[in-house]
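Notes follow the structure.
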Amino acid sequence: MTKKALITGIAGQDGSYLADLLLAQGYEVHGIVRRIAIEDSAHKLKNIQHVHGRVKLHVASLDNVLSLIKTIREVMPDECYHLAASSFVSYSFEDEMSILNNNINSTHYLLAALKEFVPRCRFYYAGSSEMFGAVETSPQDERTPFNPRAIYGVSKVAGYHLVKNYRQQYGMFACSGILYNHESPRRGYEFVTRKIVSSAVRIKLGLQESVSLGNLDAHRDWGYAPDYVNAMWLMLQAQDPDDYVVATGETHTVREFVETAFGCLDLDYRQYVKIDPQFFRPAEQVPLCGNPAKIARDLGWKRTRTLPEIIREMVTSELELYTTK
Ligand code: GDD
């Protein structure tokens, strides 16, 4: 029997790679999108344009439980991947009400609706290294205490506990992936890696003079997005539901990223990068660096790309955006 998967956030970086993976595995793939995405599909659905007609899109809103119930009853999925969230890390707490409400309620609505109408459905929840936040030890693993410092991390910790609760109290096959940063040519422009790559390419092509960044000495554990969606899928194929850290186990600085990206284009970043305090975030005392030993041991997961390989792929793909126009 063909397996059916339902993905929230299908048009995002991870959702689109997951759709690719599931289609290749022979799944029937369904995705939840907002009405505005259908109306502005050239922009908002660009990551899934290449699978147009092969995935079924359902218009629903994650803050409207009735629309979610309707979609779930229509699809009756075997697997549900909940990737949609306000995912840009806000340290200003400006949007704290909406981020908290959206991220927590959507997770709760989905779990409650699945428990009611299709309790056998396996559920994946996109947790984040931001759940560890201001950590005291590095690297972090599944036993490291959470200490979120941004409202986004607070919302992700709450979602993680909801997932655990539905697993323990109701016996649902529900798992959280605690994912560290993962990048690709489909990354959104607000995140530092895409911002650097797109600026470097525009500078090379004479379309931009410089780029303003925040702390170049910030460390991140950066992996390859397609590897991380593979981890999500592996979690739902496991014998038993569990939570896993997905990371590379090594960190690099924003400066190293910038140097490599500009270097791919034969540019010296020091001539083009400006430092702007508006992009600074509170300094991290202990770096966020994940230990992927558990998922490697239990599910055989491993990454396929190093950071320089990811950067080169991002630069090549960004250049193609201009040369194929
Ligand atoms: N965005 C941005 N813009 N970040 C900058 C800049 C800049 O101009 N300059 C330096 N940085 C630093 C940030 O301070 C941070 O240390 C690092 O670059 C990465 O920032 P982002 O790319 O915005 O990602 P993030 O780490 O905040 O969050 C991402 O990863 C999380 C998982 O670890 C997001 O994908 C989250 O949704 C995800 O949960």
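The values are calculated or read from the model by the stated rules, or taken from the named source; none is laboratory data. Just so it is clear, the model here is predicted, and its values are computed rather than measured. Cβ atoms come from the backbone with ideal geometry, glycine included; neighbour counts cover every protein chain shown. The protein model used for the area step is the full one, side chains on, heavy atoms only, and it has no ligands, DNA or RNA in it. Shrake-Rupley method; radii C 1.70, N 1.55, O 1.52, S 1.80 Å.
Kindly indicate whether residue 134 is small (Gly, Ala, Ser) and not in a helix (DSSP H, G or I). Yes, satisfied. Each residue in the range 52-97 was checked for being hydrophobic (A, V, I, L, M, F, W, C), assigned to a helix (DSSP H, G or I) and more than 28 Å from residue 241 (Cβ to Cβ), and 1 of them qualify.
Using the structure shown, decide if residue 164 is in the same structural domain as residue 18 (by TED's automatic domain parsing) and either among the aliphatic types (A, V, I, L, M) or crowded, with 20+ Cβ neighbours inside 10 Å (or both). Considered against the rule, which asks whether it is in the same structural domain as residue 18 (by TED's automatic domain parsing) and either among the aliphatic types (A, V, I, L, M) or crowded, with 20+ Cβ neighbours inside 10 Å (or both), residue 164 comes out as no. When the range 11-29 is filtered for residues that are assigned to a strand (DSSP E or B) and either buried (at least 23 other Cβ atoms within 10 Å of the Cβ) or in contact with an Asp or Glu (Cβ under 7 Å, 6 or more places away or on another chain) (or both), only 29 remains.
Only residues that are more than 9 Å from the ligand (Cβ to nearest atom) and within 24 Å of residue 304 (Cβ to Cβ) were counted in the range 202-226, giving 4. For the range 167-194, taking the residues that are under 30 Å from residue 276 (Cβ atoms) and surrounded by fewer than 18 Cβ atoms within 10 Å (Cβ to Cβ), the one that is nearest to the ligand (Cβ to nearest atom) is identified as 191. No other residue among 119, 148 is in a loop (DSSP other than H, G, I, E, B) and closer than 12 Å to residue 172 by Cβ apart from 119.
Does residue 203 fit the bill of being part of a helix (DSSP H, G or I) and more than 22 Å from the chain's Cα centre (by Cα)? Against the criterion (part of a helix (DSSP H, G or I) and more than 22 Å from the chain's Cα centre (by Cα)), residue 203 qualifies. With the condition kept exactly as written, say whether any residue in the range 88-105 is open to solvent by less than 60 Å² (accessible area, probe 1.4 Å), within 15 Å of the ligand (Cβ to nearest atom), of a type in the set (S, T, N, Q) and in contact with a strand residue (DSSP E or B) (Cβ under 9 Å, 6 or more places away or on another chain). No: zero hits. Summed over the range 49-83, residues that are within 16 Å of residue 3 (Cβ to Cβ) and of a type in the set (Ser, Thr, Tyr) total 1.
Can you find a residue that is under 15 Å from the mean Cα position of the chain (by Cα) and either within 16 Å of the ligand (Cβ to nearest atom) or open to solvent by less than 10 Å² (accessible area, probe 1.4 Å) (or both) anywhere in the range 132-149? No - not one qualifying residue is present in the range 132-149. In contact (Cβ under 8 Å) with a residue 24 or more places away in the chain, within 15 Å of the chain's Cα centre (by Cα) and part of a helix (DSSP H, G or I): does that describe residue 188? In short, no. Using the structure shown, decide if residue 154 is farther than 30 Å from residue 317 by Cα, away from the ligand (no atom under 12 Å from the Cβ), in the same structural domain as residue 103 (by TED's automatic domain parsing) and modelled with pLDDT under 95. Spelling it out, residue 154 is indeed farther than 30 Å from residue 317 by Cα, away from the ligand (no atom under 12 Å from the Cβ), in the same structural domain as residue 103 (by TED's automatic domain parsing) and modelled with pLDDT under 95.
Counting only strands (runs of 3 or more DSSP E) that fall entirely inside the range 206-325 and contain at least 2 residues that are under 20 Å from the mean Cα position of the chain (by Cα), the qualifying elements are 244-246. Contact annotation: residue pairs with Cβ atoms under 9 Å, 6 or more positions apart or on different chains, pairing a residue in the range 98-120 that is in contact (Cβ under 8 Å) with a residue 40 or more places away in the chain with a partner that is among the charged types (D, E, K, R) and assigned to a helix (DSSP H, G or I), are 103/156; 113/73; 117/73; 118/73.
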